[in-house]
1. Tilt of helix 230-241 relative to the longest C-alpha principal axis of the chain, in degrees (0 to 90, nearest 10)?
2. Report the label-to-label distance for residue 7 and residue 291 in nanometres (one decimal), using points 7 Å from each Cα along the Cα→Cβ vector.
3. Could you order the peptides 298-304, 380-386 from most to least packed, using the average number of other C-beta atoms within 10 Å per residue?
4. Whole Å is fine, so just give me how far the alpha carbon centre of region 322-387 lies from that of region 7-42.
5. Please arrange 376, 58, 43 by counting, for each residue, the other beta carbons lying within 10 Å of its beta carbon, fewest first.
6. Give the peptides 359-370, 104-115 in descending order of average Cβ contacts within 10 Å, highest first.
7. Which of the peptides 321-328, 350-357 is most tightly packed, and how do the rest follow, going by the mean number of other Cβ atoms within 10 Å of each residue?
8. Under the definition of Cα pairs under 8 Å and six or more residues apart, what whole-number percent is the relative contact order of the chain?
Ligand SMILES: Nc1ncnc2c1ncn2[C@@H]1O[C@H](COP(=O)(O)OP(=O)(O)OP(=O)(O)O)[C@@H](O)[C@H]1O
Ligand SMILES: [Mg+2]
């Protein structure tokens, strides 16, 4: 079968949308990076070992920050005349102590056999490599809760005691643990006592403005100029901010760009974003509109009509459209107070999304639909409204 070749009109550089890509700058993570620097500075300045625990919910930039920090910190160490290396291990992929150790040693010895050595023996081998190369090694254990759950705290204990037997008190291994859950709670006393509890770096959920900065940067890196408008970028940020999750935002950006390209378009519009949301994270069910009363359905229908070609409408515009739509179905329109009450309940139900923004000296409420394309919702509602 011959594929129809389509040239990319929206995506300029696809790999910059992949989860493995780490941008040079991470907007809104300066505080965390600076804190890591404060913690790890002594590794370079005073040859000590350090540890840190990076903690926060899904998509808050823990992995990206750890990687960015280590890349930059390696250069910093180099400039200061110190040899520093880091090894990144995802404990979901390497989920037992032996696999983790193998991954770390492979960093020094590419052909190291993946069986035949105990964890203790591998610690010895690692020690020799480190001494021979004269480096300080930062071991990053990402999603460490998976490892601790399966294997207990042995490995963390061994690493935190790594230099205890050497005669020269020079730290050669530092640990960076990353987890969504509070992994420290699962550590046994021995490991916990050598792990500095204060060295915790928190990653709060991103709000919509922070996600906007992140998505705007990704847009410039990965998409052609002007292929996504400012309002559409705000819509993406608002949707992702419900979970505070940058990964969801980037995933929706990629998906909506691909869906739009597939249709031969050269821009991502609001409908494309809603379509992507419906595919990536299906949230919309018919039952949710079945349980609405007739007036609520008419309000929602009016919203879909205003939103087919744009990201947001305002309450004023929506009320106007609602009156027209009610008339179309021969239904007498609600008064303003009642209309407003329904807007609130539809928002609470999650069928509409609303946010108050300031425009000049005043304030207005912007309204959108985010779980389903307005056009699709429109045709569903049209069959349901009783005139
Ligand atoms: N501040 C930021 N600036 C730019 N990109 C970011 C930022 N924070 C997160 N990202 C991007 O968002 C995605 C998710 O981030 P990351 O993988 O670091 O999250 P995480 O906290 O490790 O999530 P999880 O707990 O699910 O592993 C990645 O593609 C990452 O590059
Ligand atoms: Mg991660």
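Nothing in this text is a laboratory measurement; each read-out follows from the coordinates by a stated rule. Because the structure is a prediction, the values reported are computed rather than measured. Every residue, glycine as well, gets a Cβ built from its backbone with ideal geometry; the counts of neighbours run over all protein chains shown.
1. Orientation of helix 230-241: about 60 degrees from the principal axis.
2. Result for the modelled spin labels: 5.0 nm.
3. 298-304, 380-386
4. Their Cα centres are 38 Å away from one another.
5. With the sparsest Cβ surroundings first, the list reads 58, 376, 43.
6. 359-370, 104-115
7. Ranked from most to least packed, the peptides come out as 321-328, 350-357.
8. The normalised contact order for the chain reaches 18 percent.
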